[in-house]
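These notes concern the structure reproduced below.
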Amino acid sequence: MARRETQDRAETRADDDQLIARVAAGDRSAFDALYERYASAVFGLALKVLREREAAEEAVQEVFWRVWKRAASFDRSRAFAPWLFGIAHNYCIDELRRRKVRPQVVYEDDEHPILSEIPGDADIGAEAVMAEQRGLVRAALDRLPPEQREALMLAYFSGLTQQEIATQLGNPLGTVKTRMRLGLQKLRTLLQGHQLVEE
Amino acid sequence: MLRMKETIHIDDEAAAYALHALPDSDVTAVEAHAKHCPPCQQKLNDSVETAQLLALAAVAQQPPGWCKSSLLQRIERESFLTRPARSPQSRTRLASWMPMVAVLALFSLWNMRMQSEVNASRAEAAAAQRSSTTIQATMRQNAMTMAMLAQSQATRPLSAKSPAAQGAEAWMHMTNGQSGGVIIVKNLPAPPPGKVYQIWVAREGVKEPCESFISVEPMQPVAVHAPQALDSYKWIMITLEDSSGSHAQPSDQTILFGDL
Ligand SMILES: [Zn+2]
């Protein structure tokens, strides 16, 4: 991995750490900065999971509201972005299940990878770092066997349980479980290679 | 339903847990097991960390600007409501009494004008009697408001919390132990069509709706009747609400706020 990318990521992480610490102390301008940095990622996730613009708009507000309320309990030894995505994903899946609006099994393979989103050298800052990480995650997903990728994407974005996925795909439950486990393991190994997750 | 014995470690479940693909009952079992099994807890943490990055596989999109403004307004409002109450010292200042004096003068003039209307209407036929009754009722109401103003012991300022109320001010005139008081609202524009201003009194966990009104005068007195003594509440606020519908909870459109 390029040294420049590592440095940019480290800087973004340091900025995030500082911002969330200030948010924990009630600093609204720091909250504003975190919102500007991550709102589009959260909105994109909410749109993909909830598939309704209005619901996704509500999700963005609720997720960042939880960030504001929970900032003081954030474990500062960890990175902010995965914590935020965890809150966002929890909210979206709960909302999806609460509304019992189960989308049909649609596995949109055409959404990734969008390599054109990866910025060139001229792009610096948080935006560029996010785009780079986005590209890396998509590239890693592309390297998974299709059935493993399908299992991960269905579970993460459709809010379906293992059993529901097995039923909808007509596969035995054991097969779906194994695909999820192997898929996530391989994804982790691939992302470790890019230092996106810890070794 | 999973049966998680001490000897059976989390294997397939860690991935499904991280992806939110387990039924609730299994989630509880997995968490209970991991709590007492460090290797499984580690496996769970690793799986969650990896799964969370799947969020980046969704295409990023900018949410509309109002999402942020609405969120910031919610934060502003919440921080006001959780702010500790100020020490109970007398906050009656000359500046805050000035509008009250002005309103009293305004009332006097208004009542004098209405008195002459009543006198004139007395000479007229039965049709006018209805109008004179209405005017007299208004005068009685005004007299009660004036009495509440005159006997009030304390004044609490409210300040604008919304761009819609820029330049607007208000003062709550109240008496200890009394549930009735008068708010004098200054420079508050009329609400948009279909909307009214709603007065609320609040303390931790309690928000009570009081009177609603439509401000039309540059200096508008509004009588307030709370369910309990006004000084038993911590805050007073004015929100913008739909003119129809019940107002069990204040909307997010807070216009003016003050400590009681
Ligand atoms: Zn174990």
Subject >> Within the range B:12-39, tally of residues that are under 22 Å from A:Ala151 (Cα atoms), assigned to a helix (DSSP H, G or I) and either within 16 Å of the ligand (Cβ to nearest atom) or touching a helix residue (DSSP H, G or I) at 6+ places or on another chain (Cβ under 7 Å) (or both) >> reply: 10
**OP:** Read through the list (1) crowded, with 22+ Cβ neighbours inside 10 Å; (2) free of Cβ contacts under 8 Å to residues at least 24 places away in the same chain, then give the number of the only condition that B:Gln166 fails.
**Re:** (1)
Original post:
Taking B:Thr7 and the conditions (1) among the polar types (S, T, N, Q); (2) at pLDDT 90 or above; (3) within 15 Å of the ligand (Cβ to nearest atom), which numbered condition does it fall short on, given that it satisfies the others?
Top reply: (2)
Subject >> Some residue of the range B:53-72 being on the phi > 0 side of the Ramachandran plot, more than 16 Å from the ligand (Cβ to nearest atom) and not in a helix (DSSP H, G or I) >> reply: no
**OP:** Return the residue satisfying two criteria in turn: it lies in the range B:13-50 and is open to solvent by less than 40 Å² (accessible area, probe 1.4 Å) and away from chain A (no Cβ under 13 Å), and of such residues it is nearest to A:Gln192 (Cα to Cα).
**Re:** B:Cys40
**OP:** Find all pairs meeting these conditions: Cβ atoms under 7 angstrom apart; at least six residues apart or on different chains; first residue within the range B:28-46 and in contact (Cβ under 8 Å) with a residue 24 or more places away in the chain and closer than 20 Å to A:Pro82 by Cβ; second residue away from the ligand (no atom under 11 Å from the Cβ) and open to solvent by less than 20 Å² (accessible area, probe 1.4 Å).
**Re:** B:Val30/B:Leu22
Original post:
Which of the residues belonging to the range A:15-48 are assigned to a helix (DSSP H, G or I), over 23 Å from A:Ala128 (Cα atoms) and within 8 Å of chain B (Cβ to nearest Cβ)?
Top reply: A:Arg28
Original post:
For A:Ala81, are the conditions met, namely being modelled with pLDDT of 95 or more, within 16 Å of the chain's Cα centre (by Cα) and part of a helix (DSSP H, G or I)?
Top reply: no
Original post:
How many residues are β-branched (Val, Ile, Thr) and at the interface with chain B (Cβ under 8 Å from one of its Cβ atoms) if we restrict to the range A:50-90?
Top reply: 1
Original post:
Here is a list of conditions, (1) of a type outside the set (Gly, Ala, Ser); (2) assigned to a helix (DSSP H, G or I); (3) more than 11 Å from every other protein chain (Cβ to nearest Cβ); (4) open to solvent by 40 Å² or more (accessible area, probe 1.4 Å), and A:Thr12 meets all of them except one; can you say which number that is?
Top reply: (4)
Subject >> Per-region count, the range B:51-71, residues within 7 Å of another protein chain (Cβ to nearest Cβ) and within 30 Å of B:Ile255 (Cα to Cα) >> reply: 7
Original post:
Can you pull out the residues in the range A:163-187 that are under 18 Å from the mean Cα position of the chain (by Cα) and more than 7 Å from every other protein chain (Cβ to nearest Cβ)?
Top reply: A:Gly183, A:Gln185, A:Lys186
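Hey, does the range B:176-196 have a residue that's among the hydroxyl-bearing types (Ser, Thr, Tyr) and either touching a residue at least 60 places away in the same chain (Cβ under 8 Å) or surrounded by 19 or more Cβ atoms within 10 Å (Cβ to Cβ) (or both)? Show your work before the answer.
Restricting attention to the range B:176-196, the residues satisfying the condition of being among the hydroxyl-bearing types (Ser, Thr, Tyr) are B:179.
Filter once more, so that each one left must be either touching a residue at least 60 places away in the same chain (Cβ under 8 Å) or surrounded by 19 or more Cβ atoms within 10 Å (Cβ to Cβ) (or both): none.
Taking every residue of the range B:176-196 in turn, none turns out to be among the hydroxyl-bearing types (Ser, Thr, Tyr) and either touching a residue at least 60 places away in the same chain (Cβ under 8 Å) or surrounded by 19 or more Cβ atoms within 10 Å (Cβ to Cβ) (or both).
Given the options A:Leu160, A:Leu190, name the one that is within 8 Å of chain B (Cβ to nearest Cβ), buried (at least 19 other Cβ atoms within 10 Å of the Cβ) and either part of a helix (DSSP H, G or I) or at pLDDT below 95 (or both). Working first, answer last.
Values: A:Leu190 fails: within 8 Å of chain B (Cβ to nearest Cβ).
So the residue among A:Leu160, A:Leu190 that is within 8 Å of chain B (Cβ to nearest Cβ), buried (at least 19 other Cβ atoms within 10 Å of the Cβ) and either part of a helix (DSSP H, G or I) or at pLDDT below 95 (or both) is A:Leu160.
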Original post:
Given the conditions (1) within 19 Å of B:Leu260 (Cβ to Cβ); (2) part of a strand (DSSP E or B); (3) modelled with pLDDT under 85; (4) not aromatic (Phe, Trp, Tyr), and given that B:Gln220 satisfies all but one, which numbered condition is not satisfied?
Top reply: (1)
**OP:** Hey, can you tell me all the residues within the range A:15-31 that are among the charged types (D, E, K, R) and over 20 Å from the mean Cα position of the chain (by Cα)?
**Re:** A:Arg22, A:Asp27, A:Arg28
Original post:
Among the residues of the range B:70-80, which ones are modelled with pLDDT under 90 and either open to solvent by 30 Å² or more (accessible area, probe 1.4 Å) or hydroxyl-bearing (Ser, Thr, Tyr) (or both)?
Top reply: B:Gln73, B:Arg74, B:Glu76, B:Glu78, B:Ser79
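The values are calculated or read from the model by the stated rules, or taken from the named source; none is laboratory data. These numbers come from a predicted model, not from an experiment. Don't worry about glycine lacking a Cβ; one is built from the backbone with ideal geometry, like all the others, and counts go over all protein chains shown. The area values use the complete protein model at the heavy-atom level, side chains included, leaving out ligands, DNA and RNA. Shrake-Rupley method; radii C 1.70, N 1.55, O 1.52, S 1.80 Å.
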